[in-house]
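Engineer: Here it is: the structure, laid out below.
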Amino acid sequence: MQEKLLNRLEQLENLGKATLATVSSDGYGGRYVDSGKANGFKAASLSFIERVYGKDHSYYDSFNTSVDGYYPSDIESGLEILSSIRQEIEGNWLFTFKGLVAAELFADFLEMADHLLELGYKDPAAVIIGSV
């Protein structure tokens, strides 16, 4: 799973870099990126962040508010946020307390099922394993 997440992050980072490559001037000193590419980068990145962390996570909020225009700095901010996410995933920090508790609970049920099997109670053990 970690490899798939990192592959998707690389795709998003490449999309952000491709968006930055479209920087042009408006003739009055303003610099902008292609709006279509910027919108695609934002939408794809927010979708990824939502699936991994949820809409209530600070990464989602940060990305949504930082990448709100067509300035190169908006895209650069988005790339930095994706870089932070990459570091978290590479460092195996992608977990929640709820997930840890659930994993511990499931492990306890599997131990109970194993104990029942050792005592010869295969049907109750099968029910517990099926539940897990």
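The values are calculated or read from the model by the stated rules, or taken from the named source; none is laboratory data. Here the structure is a predicted model, which is why all the values come from computation and not from measurement. Note that we place each Cβ from the backbone using ideal geometry, even for glycine, and neighbour counts take in every protein chain shown.
Engineer: Which numbered condition in (1) surrounded by fewer than 11 Cβ atoms within 10 Å (Cβ to Cβ); (2) modelled with pLDDT of 95 or more is the only one that VAL33 fails?
Structural biologist: Among (1) surrounded by fewer than 11 Cβ atoms within 10 Å (Cβ to Cβ); (2) modelled with pLDDT of 95 or more, the lone unmet condition for VAL33 is (1).
Engineer: Would you please list the contacts, defined by Cβ atoms under 6 Å and residues six or more apart or on different chains, that run from a residue in segment 27-42 that is closer than 16 Å to GLU76 by Cβ to a residue that is among the hydroxyl-bearing types (Ser, Thr, Tyr) and surrounded by fewer than 17 Cβ atoms within 10 Å (Cβ to Cβ)?
Structural biologist: Pairs that qualify, where the first residue is closer than 16 Å to GLU76 by Cβ and the partner is among the hydroxyl-bearing types (Ser, Thr, Tyr) and surrounded by fewer than 17 Cβ atoms within 10 Å (Cβ to Cβ), are ARG31/SER25; VAL33/THR22; ASP34/THR22; LYS37/THR22.
Engineer: Also, I was wondering about something else. Taking segment 101-132, which residues are in a loop (DSSP other than H, G, I, E, B), at pLDDT 80 or above and hydrophobic (A, V, I, L, M, F, W, C)?
Structural biologist: LEU119
Engineer: Do you know which residues across segment 9-30 are in a helix (DSSP H, G or I) and buried (at least 16 other Cβ atoms within 10 Å of the Cβ)?
Structural biologist: Once the filter is applied, which keeps residues that are in a helix (DSSP H, G or I) and buried (at least 16 other Cβ atoms within 10 Å of the Cβ), segment 9-30 yields LEU9, LEU12, GLU13, LEU15, GLY16, THR19, LEU20.
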